[in-house]
Amino acid sequence: MDEPAWHALPAVKCFEILRSNKKGLAEEEVLLRRRKYGQNKIPERAKIGPVLRFLLQFHNILIYILLAAAVLAIVELRYAEFGVIIGVVVIDAVLGFVQESHAEREAEAIKQMLSTQAVVMRSGVRKTINAVDLVPGDVVRFIFMVMVILHVSCPFFRWPPSTATHCHTPPLNAHTTIPQTVNLHTQESALTGESTVNPKRPEPITADSNLAERINMTFSGTLVVQGQGSAVVVATGLKTELGKISGMVNEIETRHLTPLTRQITVFGRFLAIAILIVAAISYGIGVAWGRNPVDHLFTAATIAVAAIPEGLPAIISMTLALGVRRLAQRKAIVRLLPAVETSGSVSVICSDKTGTLTANQITVRLVTTAFNRYLVTGTGYQPIGAIVPAPPHITLQDFLGEDQADRRTPSLKNCCAPESPTGQFLTELMLAGVLCNDATLTSQKDQWELLGDPTEGALLALAMKGKLIPLEEQFTHTRQGLIPFESEIGFMCTANWVPSSSSSYPFLGDSTVKAIGRHKYFLKGAPEVVARKCLGQATVIDGRIIVENLDLDYWRREMETMGSLGLRVLAIAEKAAPSGRFPAIGQESPLVVPTEQAVLSPTLSVVGPDQSPQPTPSVPSMSEAIRGPPLGPAEVDSGLVLLGLIGMFDPPREDSKQAIQACHRAGIKVVMITGDHVRTAAAIGNMLGLFDEQSLPSRANEVSKAVTEPPILLVPPDFHLIPPIAQSPPQQLAREVANVAIFARSTPADKLRVVKALQKNGHITAMTGDGVNDAPALKQSNVGLAMGLSGTEAAKEAADIILTDDRFSTIVSAVEEGRIVYDNLVRSILFVLPTNFAQALVLIVGIAAGMPDPLSAAQVLLVNIVTTVGLTLPIPFQRGEHDVLRRPPRNPQVPLMDAVISARTVLVGTLATVSMIVFFLMDYWWIPSARRLSLPQAQTGALNELMFIQIFFAFNCLHLKGSCLTRRTFSENPALYLPIVLIVLLQVALTYVPFMHVAFGTAAHPWWVWLRAIGCGIAVFLVVELEKWIRRLLYHRRQAKAKPIGV
């Protein structure tokens, strides 16, 4: 049976379907329903246990190759070689296991714990229960600052007055529909992606309304920021919207292979086939030359061991682990090792807007009065900023950065000086915003936190920038009446006592009653609603504040201008209350405000009759503050004076634009996917530079007028509109997303489709987000990036990387580190493979020439495990190239061993082979018998030549393309010198220490062999630098030919 469209049903019908009523369910019925529906929670996915996670470290083609080499060693009874290879395999697995376990612990440490209690009615009795025990049909209660832990679809109904006492309940986990409300507002950005506060009312709406428009529903994971209400639970657990998103996440396939793991898999298969072919050929050649087939099997095994880079898996894990550690220092926790490299391959970053690109803090940026406009600097809720005159023509550029207005008008000071009429006017406007306000801002260690509606929080921050102290003003101007905001009336109004000492005097003739004070109505709301109630407008003319006739055309133009900039517009008005409407307030007790900290704290100290400090709420509760008769809408239906318009928006994070510019320089496209409105998304996109700067704000306004159906896609430079995402076939959507910069009014399913479409086009995608609605796309993307501070648990669990500082700029650090990690992996592979190539080739040539092996099996394993790994260990510490963020993302289809790396591997391997073969033959065969060296001496000479070639080639690998013939090359990676010293000491020990002679078949050789070995290393270094110089020269010539004439 299909689930009813609860939002389209009245409360009575919901109760009827659920077989419930306002008194709630009986305990017996609750037990029956719990058996039927189960607990109200989303089942956690089974986590991989430590044993299985450790065993998965062996699931790697290179590890399989090493195990095969170990089998060959044990078949030939080479126990020492077998033990060394197995040791390398185990160490590699332990490295990966420890790092992944550490990342999991870090992720657990930043989880935000949520409360699990709910207030319900059971058989007419109010109870506090665990949220997991909620069942469909339960009646629950919401109050201010309660998170919705149920997914409820409940027609709101009002609780009896006796139940209005303060009670803290947890986030809602069920789905409810709302029978009755009292000024109930919720913040649903975690689910819908919109930063606005949503008023709730009980009336049913159309069945096809989208999630963000269901004003009679409350949803799991959302926050009650104002008012109170009650609701009936209609869905729990996986049936909730949160549960549906969780289901979408679980349906997504397990994380796909990263570009690196794909390339290593392909590389490993190629290497395995090549090694088997080489071993088979060498075995065939040896048998053809008359060697014993059984004995020669050991030689073939030696060639296989020589060709296998035993230390490469450990080097790869260590390189990734170092990248993870460096990213942790840069505020990003990597949950899976390969994710750090994948971040360097990203070609498209799909970012949520609210809380990711923006601060999720509504900020006032523009104040419009009848006589001037004023820019407001500063971002967020911090009371840091100024109010300065705006330029004649406002553009989006005026809102870029937190102090743009200060830089554009450096000679202007804050316009709120109390001695000037302009300052008095702006003070009155800000005072109205403070008094007609139910929010509270508190400071904790320089971090400002909001309790209440973000729009009202923005008005408090504006007042503090204007040197007002909200708590003091609210305490001094006693509230006498309230009309709470309702979407039906479109405004909020308070009646306040204005004492004679108020900064509101003299304003609009108040000086006539200065001696005794008076009552005033302060009103804020939608501009079109407030304007209809006004007869005049306040203005400043010739240094005097006066009231003149209302100029509706002027205000309409201002509203259109502010709307075209993507600002949320609020109108502020006031009027004097009739004499005798409210009881007169006597002389107020003196207010004690000893320090700024006391003023900004959640409570104020007032001196009581006995001179003892008495705590008083910063914002009195409704029952405490309202002392007069109820205030009705008819009292403020006309006769108001319009003070001005307030333009506010959720500002971009301070460093988001710079981070996006860095992404563009790195060839990475940034796409905004948001559930917010088109005009707001377009304005934020323009500010952040998501598309061409020629896309002016006016075009955003044109888009907003053209849009009738969400979601829509915006394409620069003309914001071409294409069909809704849900209606686009996958093939069509894959074509259309190529040039899209913004996806507005998107649902969680839309985000998932967009990521899949981008991946279908071959892009490596990263998805950033903090909300529950981001989880499916986070998991589908190649790199999921969750916000650690503001992110929901669902987002963190679905992500690969958690940004602990919630900054988009940290993503740039992840991209940079990912590219450095990949470069270091290529450097490591480039360093390792020529050695293995040379060793295998030397043995094959020796077999083909019918001469003794230039290197013994023990010497081959020594070079592979000790020398090669020892010199490779410092390479992951190498810094990035200067152009690491100025080159396009690498093509994931390009193999790990591209043409340049392959050619250099063959070049160095061939040079090393030729030098070892030539000098081995010279020492052992060609020179006169009197000076001829023994086989162990000749093998030791070849071994030392190979080691010195490795030492000098390590410096070649520090720069893949750039020259290493610079002083910086020999000083930028000090970690390289320790293994060089140790390897040289090892060479001396191998040459001169007797027990090393026994273990590795070496012998002391003449001193001139040392000079020859060093000369071989220098020669290889110079040849490689010459090869790089030739490649750079050819590249610049191609670039010069490709450049148009005259450029």
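The values are calculated or read from the model by the stated rules, or taken from the named source; none is laboratory data. Since we're looking at a predicted model, the values are computed, not measured. All Cβ positions, glycine included, derive from the backbone under ideal geometry; neighbour counts span all protein chains shown. Heads up: the accessible areas ignore ligands, DNA and RNA and are worked out on the full protein's heavy atoms, side chains in. Shrake-Rupley method; radii C 1.70, N 1.55, O 1.52, S 1.80 Å.
Below are the figures for this structure:
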| read-out | value |
| --- | --- |
| Candidate set from region 964-1013 (those that are of a type in the set (S, T, N, Q) and surrounded by fewer than 13 Cβ atoms within 10 Å (Cβ to Cβ)); member that is farthest from Val1023 (Cα to Cα) | Ser971 |
| Where Asn773 falls short, out of the listed (1) modelled with pLDDT under 75; (2) farther than 21 Å from Thr358 by Cα; (3) surrounded by 21 or more Cβ atoms within 10 Å (Cβ to Cβ) | (2) |
| Test: residue in region 929-938 that is hydrophobic (A, V, I, L, M, F, W, C), surrounded by 19 or more Cβ atoms within 10 Å (Cβ to Cβ) and farther than 21 Å from Gly268 by Cα | yes |
| Some residue of region 951-964 being under 28 Å from Val832 (Cβ atoms), among the charged types (D, E, K, R) and either modelled with pLDDT of 90 or more or part of a helix (DSSP H, G or I) (or both) | no |
| Candidates Leu375, Leu327, Leu357, Leu366 - the one that is farther than 22 Å from Ala857 by Cα, open to solvent by less than 10 Å² (accessible area, probe 1.4 Å) and free of Cβ contacts under 8 Å to residues at least 40 places away in the same chain | Leu375 |
| The one condition in (1) in contact (Cβ under 8 Å) with a residue 12 or more places away in the chain; (2) within 19 Å of Glu1027 (Cα to Cα) that Gln987 fails to fulfil | (2) |
| Meets criteria (assigned to a helix (DSSP H, G or I), touching a residue at least 12 places away in the same chain (Cβ under 8 Å) and open to solvent by 50 Å² or more (accessible area, probe 1.4 Å)) for Leu911 | yes |
| From Met492, Met464, residue being open to solvent by 10 Å² or more (accessible area, probe 1.4 Å) and either part of a loop (DSSP other than H, G, I, E, B) or at pLDDT 90 or above (or both) | Met464 |
| Residues located in region 335-354, provided they are open to solvent by less than 10 Å² (accessible area, probe 1.4 Å) and in contact with a His (Cβ under 9 Å, 6 or more places away or on another chain) | Val346, Val348 |
| Residue tally, condition within 30 Å of Arg819 (Cα to Cα) and in a loop (DSSP other than H, G, I, E, B), over region 841-889 | 14 |
| Residue tally, condition modelled with pLDDT under 75 and open to solvent by 60 Å² or more (accessible area, probe 1.4 Å), over region 291-323 | 5 |
| Some residue of region 887-894 being open to solvent by 10 Å² or more (accessible area, probe 1.4 Å), among the β-branched types (Val, Ile, Thr) and at pLDDT 85 or above | no |
| Any hit, region 852-861, residues being within 27 Å of Val266 (Cα to Cα) and either touching a residue at least 24 places away in the same chain (Cβ under 8 Å) or in contact with a Pro (Cβ under 7 Å, 6 or more places away or on another chain) (or both) | yes |
| Scan of region 881-902 for residues that are touching a residue at least 40 places away in the same chain (Cβ under 8 Å) and more than 29 Å from the chain's Cα centre (by Cα), ordered by number | Pro895, Met897, Val900, Ile901 |
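Table: residues versus (1) acidic (Asp, Glu); (2) surrounded by 18 or more Cβ atoms within 10 Å (Cβ to Cβ); (3) assigned to a helix (DSSP H, G or I).
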residue: Cys14; (1), (2), (3): no, yes, yes
residue: Asn21; (1), (2), (3): no, no, no
residue: Lys36; (1), (2), (3): no, no, yes
residue: Gln39; (1), (2), (3): no, no, no
